[in-house]
Amino acid sequence: MERFDFLVLGSGIAGLSFALDAARAGTVAIITKKRDSESNTNYAQGGIAAVLAPGDSFEAHVRDTLTAGGGLCRPEVVERVVRLGPDQIRVLARRGVAFTPSDDPAVPFDLGREGGHSRRRIVHARDMTGRAVEQALLDRARENPNIRFFENHFAVDLVVTAGQDGRARCAGVHVLGPDGAIHPFGARSTCLATGGAGKVYLYTSNPDIASGDGIAMAYRAGAEVANMEFMQFHPTCLYHPFAKNFLISEAVRGEGGVLRLRSGEPFMDRYHPMGCLAPRDVVARAIDTELKRTGDDHVLLDITHRAPAFVRDRFPGIWKTCLEYGIDITRDPIPVVPAAHYLCGGVRVDLAGRTTLPGLHAVGEVACTGLHGANRLASNSLLEALVYAEAAARDAVDALPGTPRPPDRLPEFSGTGTRPGDDDVVVSQNWDELRRFMWNYVGIVRTDRRLARARRRLELLREEILDHFRRYRPTPDLLELRNLGQVADLMIRCALARKESRGLHYNLDHPEADDDRWKRDTTIRRVRA
Ligand code: SIN
């Protein structure tokens, strides 16, 4: 059995940052289901929000975050994360991230603007910020002798044992290795950094790995989960028959990009005083409304009025990718549609990133910290991941002397079959079905009937998935499907519970916010037998 001081599940900005800090005090294993560089972070185009400009203030960033969050942000969390923003940018720069420099000597980095922000405050590496951050952190982690990577290792379920005080405690994780067998990994401290769950929906900006594994595992292990109804739909993903998951960054609108109907008519001023730079929930819903009204299948994002040299230099990744699909964004408006992008809910954590299950921290998109409330402000998520990774690592390191080593032997994994699966079509059929009804019934605009339909279909589907899981030897595809089913169930239950509309949860049967009954989180927890 593999044993470490710290186990980190996931290798994006949150997991790598946690690992680098924790490695100062002990041995770290990073477990990742694909290659170490395959993470949601890699796909983040926009950047990291931080107060760095002379005209900006912490108060303004706090205010923008609270406004976007629709009354559900935890003010003490917002205050803390925002105030630590500039320090976190400096840490990343020290770790080797090459942010785009500013021409203005008063500001160290060029600052972009995105929806819901009243000022320019997005630090970026042109339109490939995530990749720049991921690469620098991976380089630092790879050169660290205390960190070992386990690529192509799929975390199946957390191992929960009785701690010294008799309470349930996370003692590690069962992992499906590349050899097809499930192995226990023991640790004194485990950190979930597995990212989000965009793949629960038919259309998403997320890469294929975003299957909600950490949330599903934490829930099954008895940790509290919150606010799963708040899936953020990014307003502008490329609409093209061959383009999969390609985001057109909000920074394009930050640099003057205009949303237009296919007729050429701009429409966002009819929906919000901030027009195209309104918070994301407003923009995504406006596009959805216009698509339903006109019967069109996409709208247009137009940046053709800016100088071609500026567009190519500021958005080299978007320009190049769109060109591959025959769209020259310096001359052609870009066809776009909304797509599932970021889950604001997740595994509930406190200010130190502790979940309600002792021995388990959660950082990054998998966690629900209280920063985003009912709707995340653009580019606050990488910042949150950094602040919480540091806090969680500090907490785990401080607790290390009093934390027992995991037992020499952990229980073997039980509950799954050993026969080779004979029915791949069951997995792919269930996967397609789930993502399609989640998109149609639990999407941007919901109703009680649609949610109830989704619940009925999911019940049947989950029965089939669990039956398959019990009979056959698990594969990564089956494990992802099992997790997607679990996460979809949590989303539907939270969405059905919230009888109002707020932030990203919009229900036509309850179109107003109901502060008296619902200005609170939706929490959910499995009672372990
Ligand atoms: C974007 O570049 O539009 C995405 C940024 C984010 O989701 O925070």
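Apart from one condition, Asp398 fits all of (1) at pLDDT 90 or above; (2) surrounded by 15 or more Cβ atoms within 10 Å (Cβ to Cβ); (3) of a type outside the set (A, V, I, L, M); (4) over 30 Å from Leu508 (Cβ atoms); the exception is (2).
Against the condition of a type in the set (A, V, I, L, M) and more than 16 Å from the ligand (Cβ to nearest atom), how does Ala155 come out, does it pass? Considered against the rule, which asks whether it is of a type in the set (A, V, I, L, M) and more than 16 Å from the ligand (Cβ to nearest atom), Ala155 comes out as yes. Scanning the stretch 98-130 for residues that are small (Gly, Ala, Ser) and either within 20 Å of Asn40 (Cα to Cα) or not in a loop (DSSP other than H, G, I, E, B) (or both) gives Ala98, Gly112, Ala125, Gly130.
Exactly one residue out of Thr100, Thr65 is buried (at least 16 other Cβ atoms within 10 Å of the Cβ), on the phi < 0 side of the Ramachandran plot and touching a helix residue (DSSP H, G or I) at 6+ places or on another chain (Cβ under 6 Å), and it is Thr65. The single residue among Arg35, Arg63 that is modelled with pLDDT of 95 or more and out of contact with any Ser or Thr (no Cβ under 6 Å at 6 or more places or on another chain) turns out to be Arg63.
Would you check which residues across the stretch 1-49 are out of contact with any helix residue (DSSP H, G or I) (no Cβ under 7 Å at 6 or more places or on another chain), surrounded by fewer than 23 Cβ atoms within 10 Å (Cβ to Cβ) and assigned to a strand (DSSP E or B) and list them? Result: Glu2, Arg3. Within the stretch 379-391, the residues that satisfy the criterion of being within 21 Å of Met228 (Cβ to Cβ) and either away from the ligand (no atom under 11 Å from the Cβ) or not polar (S, T, N, Q) (or both) are Glu384, Ala385, Tyr388. Taking the stretch 431-529 and the helices (runs of 4 or more DSSP H) fully enclosed by it, the elements with 2 or more residues that are farther than 27 Å from Gly177 by Cβ and under 21 Å from the mean Cα position of the chain (by Cα) are at 476-497. Can you find even one residue in the stretch 95-114 that is among the hydrophobic types (A, V, I, L, M, F, W, C) and within 11 Å of the ligand (Cβ to nearest atom)? No, the stretch 95-114 has no match at all. Considering every residue within the stretch 361-372, establish whether at least one is among the hydroxyl-bearing types (Ser, Thr, Tyr) and either free of Cβ contacts under 8 Å to residues at least 12 places away in the same chain or farther than 22 Å from Glu224 by Cβ (or both). Taking every residue of the stretch 361-372 in turn, none turns out to be among the hydroxyl-bearing types (Ser, Thr, Tyr) and either free of Cβ contacts under 8 Å to residues at least 12 places away in the same chain or farther than 22 Å from Glu224 by Cβ (or both). Checking the stretch 164-179 against the condition returns no match, with no residue being at pLDDT 95 or above and touching a helix residue (DSSP H, G or I) at 6+ places or on another chain (Cβ under 6 Å).
In the set (1) without any contact (Cβ under 8 Å) to a residue 12 or more places away in the chain; (2) aliphatic (A, V, I, L, M); (3) within 13 Å of the ligand (Cβ to nearest atom), the condition left unmet by Ala162 is number (3).
The values are calculated or read from the model by the stated rules, or taken from the named source; none is laboratory data. Being a predicted model, the structure only gives us computed values, none of them experimental. As a convention, Cβ positions derive from the backbone with ideal geometry for all residues, glycine included, and neighbour counts pool all protein chains shown.
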